[in-house]
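Peer 1: Dropping the structure in here first, questions after.
The values are calculated or read from the model by the stated rules, or taken from the named source; none is laboratory data. Here the structure is a predicted model, which means the values were calculated and not measured. Backbone-built Cβ (ideal geometry, glycine too); neighbour counts: all protein chains shown. For the accessible areas, the whole protein counts, side chains as well, though only heavy atoms, and no ligand, DNA or RNA atoms are used. Shrake-Rupley method; radii C 1.70, N 1.55, O 1.52, S 1.80 Å.
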Amino acid sequence: MTRKKDLSLGAVMILHALARGAGYGFDIMEETGLTSGTVYPALDRLEREGFARSAWEDAELAREEKRPPRRYFEITDDGKTELIAAMERYRALAPITIDGVAYGAGARTP
(Lines give C-alpha, C1' and ligand atoms only; values in the text may rest on other atoms or scores of the structure.)
Protein backbone atom coordinates (compact mmCIF):
# COMPACT_ATOMS: atom_id res chain seq x y z
CA MET A 1 0.00 0.00 0.00
CA THR A 2 1.38 3.39 -0.99
CA ARG A 3 1.26 6.03 1.70
CA LYS A 4 -0.10 9.36 0.46
CA LYS A 5 1.24 11.51 3.31
CA ASP A 6 2.52 11.18 6.82
CA LEU A 7 -0.08 10.72 9.53
CA SER A 8 -0.78 13.52 11.98
CA LEU A 9 0.36 13.11 15.56
CA GLY A 10 -3.29 12.64 16.57
CA ALA A 11 -3.74 9.79 14.09
CA VAL A 12 -0.53 8.19 15.34
CA MET A 13 -1.81 8.46 18.92
CA ILE A 14 -5.05 6.77 17.87
CA LEU A 15 -3.23 3.94 16.07
CA HIS A 16 -1.06 3.52 19.16
CA ALA A 17 -4.16 3.29 21.36
CA LEU A 18 -5.62 0.66 19.02
CA ALA A 19 -2.37 -1.30 19.13
CA ARG A 20 -2.54 -1.21 22.95
CA GLY A 21 -6.06 -2.65 22.90
CA ALA A 22 -8.38 0.36 23.07
CA GLY A 23 -11.39 -0.80 21.10
CA TYR A 24 -14.03 1.88 20.83
CA GLY A 25 -14.16 5.67 20.68
CA PHE A 26 -14.52 6.44 24.38
CA ASP A 27 -11.61 4.11 25.26
CA ILE A 28 -9.49 5.85 22.63
CA MET A 29 -10.42 9.30 23.97
CA GLU A 30 -9.46 8.23 27.49
CA GLU A 31 -6.18 6.70 26.34
CA THR A 32 -5.11 9.63 24.16
CA GLY A 33 -6.75 12.67 25.77
CA LEU A 34 -8.13 13.64 22.35
CA THR A 35 -11.69 14.90 21.89
CA SER A 36 -14.47 13.10 20.04
CA GLY A 37 -14.24 15.76 17.32
CA THR A 38 -10.70 14.56 16.64
CA VAL A 39 -11.03 10.84 17.33
CA TYR A 40 -14.06 9.89 15.24
CA PRO A 41 -13.07 11.66 12.00
CA ALA A 42 -9.54 10.26 12.37
CA LEU A 43 -10.89 6.73 12.89
CA ASP A 44 -12.98 7.07 9.72
CA ARG A 45 -9.88 8.28 7.83
CA LEU A 46 -7.71 5.47 9.24
CA GLU A 47 -10.32 2.94 8.20
CA ARG A 48 -10.58 4.37 4.66
CA GLU A 49 -6.78 4.19 4.37
CA GLY A 50 -6.76 0.55 5.51
CA PHE A 51 -4.94 1.19 8.81
CA ALA A 52 -7.94 0.24 10.97
CA ARG A 53 -11.13 -1.77 10.60
CA SER A 54 -14.35 -1.69 12.56
CA ALA A 55 -17.44 -3.71 13.37
CA TRP A 56 -20.58 -2.90 15.32
CA GLU A 57 -21.24 -5.00 18.38
CA ASP A 58 -24.43 -7.03 18.73
CA ALA A 59 -27.26 -4.58 19.39
CA GLU A 60 -28.91 -7.04 21.79
CA LEU A 61 -25.84 -6.99 24.06
CA ALA A 62 -25.91 -3.20 24.13
CA ARG A 63 -29.65 -3.24 24.89
CA GLU A 64 -29.07 -5.66 27.79
CA GLU A 65 -26.45 -3.26 29.17
CA LYS A 66 -28.83 -0.32 28.60
CA ARG A 67 -26.55 1.63 26.29
CA PRO A 68 -26.15 2.34 22.59
CA PRO A 69 -24.24 -0.20 20.47
CA ARG A 70 -20.51 0.38 20.24
CA ARG A 71 -18.44 0.39 17.09
CA TYR A 72 -15.23 -1.51 17.85
CA PHE A 73 -12.01 -0.73 16.00
CA GLU A 74 -8.80 -2.67 15.58
CA ILE A 75 -5.49 -1.90 13.95
CA THR A 76 -4.71 -3.75 10.71
CA ASP A 77 -1.34 -5.15 9.66
CA ASP A 78 -0.90 -2.12 7.38
CA GLY A 79 -1.79 0.06 10.36
CA LYS A 80 0.91 -1.63 12.46
CA THR A 81 3.46 -1.00 9.71
CA GLU A 82 2.37 2.63 9.46
CA LEU A 83 2.48 3.04 13.24
CA ILE A 84 6.05 1.74 13.41
CA ALA A 85 7.12 4.12 10.62
CA ALA A 86 5.33 7.04 12.27
CA MET A 87 6.88 6.33 15.66
CA GLU A 88 10.28 6.46 14.01
CA ARG A 89 9.41 9.87 12.53
CA TYR A 90 8.17 11.19 15.87
CA ARG A 91 11.03 9.68 17.87
CA ALA A 92 12.80 13.03 17.62
CA LEU A 93 10.05 14.47 19.84
CA ALA A 94 10.70 12.03 22.70
CA PRO A 95 13.57 13.78 24.47
CA ILE A 96 12.78 17.49 24.68
CA THR A 97 14.13 20.34 26.70
CA ILE A 98 11.97 23.02 28.25
CA ASP A 99 13.73 25.89 30.01
CA GLY A 100 16.93 23.86 30.14
CA VAL A 101 15.31 20.80 31.77
CA ALA A 102 15.30 17.56 29.74
CA TYR A 103 12.09 15.52 29.47
CA GLY A 104 11.37 12.31 27.60
CA ALA A 105 12.99 8.94 27.10
CA GLY A 106 15.82 8.48 29.57
CA ALA A 107 15.69 12.09 30.74
CA ARG A 108 15.49 13.01 34.38
CA THR A 109 12.62 15.28 35.37
CA PRO A 110 12.94 17.92 38.09
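Peer 1: With THR97, THR109 as the choices, which residue is open to solvent by 70 Å² or more (accessible area, probe 1.4 Å), part of a strand (DSSP E or B) and at pLDDT below 95? Before the answer, list the steps.
Peer 2: On the way: THR109 fails: part of a strand (DSSP E or B).
Only one candidate passes the filter, namely THR97.
Peer 1: Among the candidates LEU61, LEU34, LEU18, LEU46, which residue alone is open to solvent by 60 Å² or more (accessible area, probe 1.4 Å) and hydrophobic (A, V, I, L, M, F, W, C)? Before the answer, list the steps.
Peer 2: Numbers: LEU34 fails: open to solvent by 60 Å² or more (accessible area, probe 1.4 Å); LEU18 fails: open to solvent by 60 Å² or more (accessible area, probe 1.4 Å); LEU46 fails: open to solvent by 60 Å² or more (accessible area, probe 1.4 Å).
None of the others qualify; the one that does is LEU61.
Peer 1: Considering only region 53-80, state which residues are closer than 20 Å to ARG20 by Cβ, among the basic types (Lys, Arg) and not in a strand (DSSP E or B).
Peer 2: Here is the first cut: in region 53-80, the ones closer than 20 Å to ARG20 by Cβ are 53-55, 57, 70-80.
Cutting the leftovers down to among the basic types (Lys, Arg) gives us 53, 70-71, 80.
Within region 53-80, ARG70, LYS80 meet the criteria.
Peer 1: Taking the criterion of being outside any loop (DSSP other than H, G, I, E, B), of a type in the set (S, T, N, Q) and either in contact with a Gly (Cβ under 8 Å, 6 or more places away or on another chain) or modelled with pLDDT under 65 (or both), would at least one residue in region 81-92 satisfy it? Step through it out loud before you land on a result.
Peer 2: If we filter region 81-92 for residues that are outside any loop (DSSP other than H, G, I, E, B), which is where we start, we get 81-92.
When the remaining residues are screened for being of a type in the set (S, T, N, Q), the result is 81.
Adding the requirement that they be either in contact with a Gly (Cβ under 8 Å, 6 or more places away or on another chain) or modelled with pLDDT under 65 (or both) leaves none.
Among the residues of region 81-92, not one is outside any loop (DSSP other than H, G, I, E, B), of a type in the set (S, T, N, Q) and either in contact with a Gly (Cβ under 8 Å, 6 or more places away or on another chain) or modelled with pLDDT under 65 (or both), which makes the answer no.
Peer 1: In this structure, does GLY50 turn out to be part of a loop (DSSP other than H, G, I, E, B), closer than 15 Å to ILE14 by Cβ and modelled with pLDDT of 90 or more?
Peer 2: So GLY50 fits the description; yes.
Peer 1: Pairs, please: C-beta under 9 Å, at least 6 apart or cross-chain, first residue under 11 Å from SER54 (Cβ atoms) and open to solvent by less than 60 Å² (accessible area, probe 1.4 Å) and in region 70-86, second at pLDDT below 95 and aromatic (Phe, Trp, Tyr)?
Peer 2: PHE73/TYR24
Peer 1: Can you name every residue in region 43-54 that is in contact with a Gly (Cβ under 9 Å, 6 or more places away or on another chain) and either closer than 17 Å to ARG70 by Cα or not aliphatic (A, V, I, L, M) (or both)?
Peer 2: Those that are in contact with a Gly (Cβ under 9 Å, 6 or more places away or on another chain) and either closer than 17 Å to ARG70 by Cα or not aliphatic (A, V, I, L, M) (or both): LEU43, GLU49, GLY50, PHE51, ALA52, ARG53.
Peer 1: Here is a further query. Determine which single condition ALA102 fails, assuming it passes every other condition in (1) assigned to a strand (DSSP E or B); (2) open to solvent by 40 Å² or more (accessible area, probe 1.4 Å); (3) modelled with pLDDT of 95 or more.
Peer 2: (3)
Peer 1: If you don't mind, another one. Going by the conditions given, is ASP27 assigned to a helix (DSSP H, G or I), surrounded by 15 or more Cβ atoms within 10 Å (Cβ to Cβ) and of a type in the set (Asp, Glu)?
Peer 2: It is true that ASP27 is assigned to a helix (DSSP H, G or I), surrounded by 15 or more Cβ atoms within 10 Å (Cβ to Cβ) and of a type in the set (Asp, Glu).
Peer 1: Also: Here are some residues: ARG48, ARG71, ARG53. Which one is charged (D, E, K, R) and farther than 19 Å from GLU82 by Cβ? Before the answer, list the steps.
Peer 2: Working: ARG48 fails: farther than 19 Å from GLU82 by Cβ; ARG53 fails: farther than 19 Å from GLU82 by Cβ.
Only one candidate passes the filter, namely ARG71.
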